[in-house]
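The structure under discussion appears below in the form of structure tokens.
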């Protein structure tokens, strides 16, 4: 895997902006993650694009289409810039097409372009990225691009580290979202599924991870609402209980899962009249991995992940599990541990939300 902080657009030089045409023109590199176009609603009380108001960073007026489904059309001289930030979820791990990761962001982008629109799309997400990596490496590069649209989904890897600190996570995410919002980007965010539940861990091991996931999602919900982000609730049982959506490692979506995420975001945008292209198909376009391919992946990349986490998370997770069992044994149950997590979350929200 590439080092954290390295960016890429599949099939291009790292960090390069790739222009893509709308559906009335030939699309370059069909099937590759560099396709797409997108529009979203403005956050932070700014006018909705397509209202005839200036689009920040472009200097162009956006006019409505005049059709049955109102929405924005960017002037030809002002391509839409779409930046994707995060970890392996947004990098596209689990959805391989033409020998490279594709993922939900590219699938979504393919369904957002309207007639005459084009987009410059860059995916900065990297497997293993923490909120610290997104804040230090990905966000500055994204802000420099002055994107009209930016997706930020990060936090699972934070919950799987021994030094997890909800206060630090909240400050970093607030800084990232704030910088992109101030640069004129409309934000896409998502909450996280429970890794302990997805992996089928026993309760003493799963509960500490569930607490962390609840805290991260509470921060994501609060900051998403504050910034007017378009938000997807990926922690809902409809997502986590359907195993067909997940890859063999149970932590990353498979192709169907990535398509479901792209389709759900597309529906949210279509409700606002902003998804101008066809919705992503829910049907897989690639053959599912064979048992041999799955076993090879688990034996290589999967084993590497386990070994890295064994050096980092596992020792503390065992201590946390011992703490769970201790409270269960003395009759106090998980209440004191839940209360401690809630106190830390309240302090984090107070520090970032100002209340």
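General remarks:
- Added length on full extension, which subtracts the Cα-Cα distance from 0.36 nm per residue, residue 284 to residue 242: 13.6 nm
- Relative to one another, the C-alpha centroids of segment 227-243 and segment 185-199 are positioned 7 Å apart.
- Geometric extent, Cα atoms of segment 121-272 - Rg, Dmax (angstrom): 15.3, 45
- Among 198-205, 254-261, the order from most to least packed when residues are scored by Cβ within 10 Å on average: 254-261, 198-205
- Where only alpha carbons of segment 127-211 are counted, the Rg and the Dmax (Å): 14.5, 45
- Efficiency of FRET between residue 316 and residue 342 - r from beta-carbon atoms, R0 22 angstrom, step 0.05: 0.65
No value in this document is a laboratory result; all are computed from the given coordinates. All values reported here derive from a predicted model rather than from experimental measurement. Reconstructed Cβ throughout: ideal geometry from the backbone, glycine too, with neighbour counts over all protein chains shown.
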